[in-house]
1. Over the protein assembly as shown, what is the percentage of antiparallel beta bridges among all DSSP beta bridges, to the nearest 5?
2. Using packing as a proxy for protection, rank A:123-136, A:12-25, B:88-101 so that the peptide with the highest average count of other Cβ atoms within 10 Å comes first.
3. Shape of segment B:1-51 from its Cα gyration tensor (a ≥ b ≥ c, root eigenvalues): rounded if a/c is under 1.5, otherwise prolate when a/b > b/c, or oblate?
4. Determine the gain in length on full extension of the stretch residue B:282-residue B:317; use 0.36 nm per residue of separation and subtract their C-alpha separation, reporting nm with one decimal.
5. Just tell me how shielded A:133-142 is by partners: mean number of partner chain Cβ atoms within 10 Å of each residue's Cβ, no decimals.
6. How far apart, in nanometres, would the label points at residue A:182 and residue B:156 be if each is projected 7 angstrom from Cα along the Cα-to-Cβ direction?
7. Tell me what chain B gives for mean residue ellipticity at 222 nm when only DSSP H runs of n ≥ 4 count, each as -39,500 (n - 2.57), the sum divided by the residue total, rounded to 500 deg cm²/dmol.
8. Just how far, in whole angstrom, is segment A:5-83 from segment B:161-202 if you go by their alpha carbon centroids?
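We did not get these values from a lab; they are worked out from the coordinates using the rules stated. If you're wondering where the values come from, they're calculated on a predicted model, not measured in any experiment. Cβ placement follows ideal geometry from the backbone for every residue including glycine, while neighbour counts extend to all protein chains displayed.
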C-alpha cells in the first residue's frame, strides 16, 4: 500500500514549561477529508504550524508526499503541495480580492495576467466572484474566511490544512460554507480541518482526531469519538461522562 | 490604471522631459529639472523597498554613498572610464544592499529594527569613509574636470538631465514591473502579511533581498550621478542622513507603493524647497520652518501621499452621495 500523504511520528513541541504538543502521531490518507478537534488550548493550531513548517518540532518527524519535511520552511512545503489557512484571517488588506487570490496562483504561474484570470475561477469555487474588485479590507468576516480559503486553494494544493474556516460565522454562513469545503475535497484535494463547529465535523469529516492538552486522546469516525468518554471529559470536565450516564439512566428509570 | 496605459504614461513622461532642453536653454530651469529628477530617482529607489516591500530604511544613504565613492575611486585610483565606473557603482551599491539585506532579513529584522540597523550601518560607513586613506578621509575626493560625453561630463546641464532621466525612466519601468509582475505581487504580499505569504509559497527572504538589491542599485546610480555633476564627494555628503531622509520623505509625501507617487513627491518637495529659499532667503532658517510645516500638513491630511489624493477625493465624493465606499 502506498504511504499516506501526511505522516506525523511522535511530534512534540514545548514553549518554556508548556508542553503544547506531546508525542502526536497520525497519518492522513490521500483523498480523505478529516478533522482535528479538541478543546481550546489543546494545541491544534500549534500542531498545524508544526506540520506546515511555521514551527519546528522539538522531537519527531513529519513526512509529506513521501519526503521527510520536518522543520522545512512553509514556502517549500507549499511548493510540494501543502497549504494552510489561518484561524485569525490574514488578508493582504491593501489589495483587492482578485490580487489576494492571484498571489496563491503565482506559486505555479509566472504570468500576472494568467494569475489574475485564474483568480476569477478560484473565486467562483468559493463564492467570492461578486467581490473580486473589492479591497480585502472591505470584506465581512465570512468574506475574509472565504478569501483565506480561496488563496490557499489557488496554490493547487494536494493537502489543504484549514484552521477553523467556520469559526465566527453565523448558522446560515456555515450552511453556505460547508458545501464549499465538501466540493474542494470532492475535487481531489485532501483536507484536514481544525473545527469547533460540531455540525460541520459530523457532516463532513470521515475521520476525526481529538487533541487535548497536547496529546491525541481519541480517533475514529465522528460518531465514535463523540461517544468516547475521554473526549466528553476533555470538553466538559473530569467525571462528566459518568455523571451524564447516571443522569441518562435515571431518566430511563423515571420514564 | 491598466498596465499598457501606465506604460504609455511613462513613455509620454520620458518624451516630455527629454524635450525640455530643446525648448529652453535657461541654466536655472535645466538645473531645476535635473535636480528634481535626481530627487525623484532616490525617492523611487526608496519606494521599491519601502513602498512595495514595506521595509522602511532610514539609511538609504548607505547605497547612495557607496555608489558615489565607487564612481570616484574607480576613476581616480582605478583609471577607469566614467561610464565603466557608473556600471561598477550600480553593481557595487547593489552588492552592499544585498549584504545589508542578507544580514537584516536573515535574522528577521522588521519595522523599526530594520530602520535602526540601516541607520547604524550608514553611520558606520560614514566613519569608515572618514578614516580610511582611499576615500580621501574628511577632505573628500575631487574629480578632475574633463568635459566630454565619453567622460560622463557635460558642458551644459542638458547632458546630465538626459542621463538622470534615463535612470528615472528605468526606475519607473521597474516600478511598473513590480505592479504588474509576479515578483511585485510576492513583494507586496510579504509587505501586507508575511506569514500569509509564506503559507502560499512565497519565500520572504529571497523576495526582500531582491527588493533591497534593486533599490540599492538605483541609489548607487544616484550617487554616481551626484559625483559626476558636482565632481566632489566627502563622507558627510555620501553617508550623511540628509540623503536618507530626502529619499524616504519624497516617497512618503508622494505616496508609497505607487508608480507616480515618488515622482510627484520629489517634484513637489523640490519646488517647495526652491520657493521658500527664494522667497525667504534673507531670513536664515525660515525656509526650513515652512518646509517642515508643509511636510507635517501633508502627512496629517494626506496619509496616502499626493498620489492617494485622487482616491481620497473619490471616496469623499462617494460618501457625500451616500453611495458605497471603495
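1. Antiparallel bridges: around 60 percent, rounded to the nearest 5.
2. B:88-101, A:123-136, A:12-25
3. Here segment B:1-51 falls in the oblate category.
4. Taking 0.36 nm per residue and subtracting the Cα distance, the gain is 8.3 nm.
5. Mean partner-chain Cβ count within 10 Å for A:133-142: 1.
6. 7.7 nm
7. The per-residue figure over chain B is -24500 deg cm²/dmol.
8. 33 Å
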